[in-house]
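The values are calculated or read from the model by the stated rules, or taken from the named source; none is laboratory data. Note that the structure is predicted; figures quoted are calculated from it, not measured. Backbone-built Cβ (ideal geometry, glycine too); neighbour counts: all protein chains shown.
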Ligand code: GLN
């Protein structure tokens, strides 16, 4: 069966993720389609879901209003499936958002607390070579007004840190990164994500 990967298509880096998934599928010799998701019925037959970077307050509002917050949580409760959240997407996966997080309706799927815009004004955006657990070479990561995980507990496992701050985590079939894996030509993050699809 060809794979169907959904990319939440409300706002943010949607097209870039779609292109990266298509390239990653090809590189892995897998057939599949990648579609933007705006309504619950578009998502129900997806094998995996990406929540892209953007503005987490806006995306969370649109997800809640469209019924997707409820649909994603319900389906995940019934049977886990791979979800990747990047930057704003990481915020939306966290069980706890601190600071000005009150405006955010999170999916609350990962045992972590996140802080939005955690690098401050001096470091609004930057790139760095990141050591990622199980990757044999560093990954060039692009951070843009990025969050960090200030705390993890339970089943949440840390996959990468930058300056001691937690910037990549995994829990069951969910994983979250504080940076933008769709903005480089390195396919490893998307390949890693797609490898969770059974
Ligand atoms: N700062 C944004 C937020 O809090 C996230 C930025 C991003 O996704 N690049 O939602």
Practice task
Name the residue, out of 143, 119, that is assigned to a strand (DSSP E or B) and within 12 Å of the ligand (Cβ to nearest atom).
Solution key: 143
Handout entry: Neighbours by Cβ (under 7 Å, 6+ apart or cross-chain): first from segment 35-46, more than 19 Å from residue 13 (Cα to Cα); second surrounded by fewer than 16 Cβ atoms within 10 Å (Cβ to Cβ)
Key = 40/67
Fill in the blank from the handout: With criteria (1) surrounded by fewer than 21 Cβ atoms within 10 Å (Cβ to Cβ); (2) closer than 11 Å to residue 10 by Cβ; (3) at pLDDT 95 or above, residue 58 comes up short on (3)
Handout entry: Yes/no for residue 67 being more than 16 Å from the ligand (Cβ to nearest atom) and free of Cβ contacts under 8 Å to residues at least 12 places away in the same chain
Key = no
Exercise for the section: For segment 123-135, state whether one or more residues are at pLDDT below 95, within 13 Å of the ligand (Cβ to nearest atom), out of contact with any helix residue (DSSP H, G or I) (no Cβ under 7 Å at 6 or more places or on another chain) and part of a loop (DSSP other than H, G, I, E, B). Expected result: yes
Handout entry: Flag for residue 120 being more than 24 Å from residue 14 (Cβ to Cβ) and loosely packed, with under 15 Cβ neighbours inside 10 Å
Key = yes
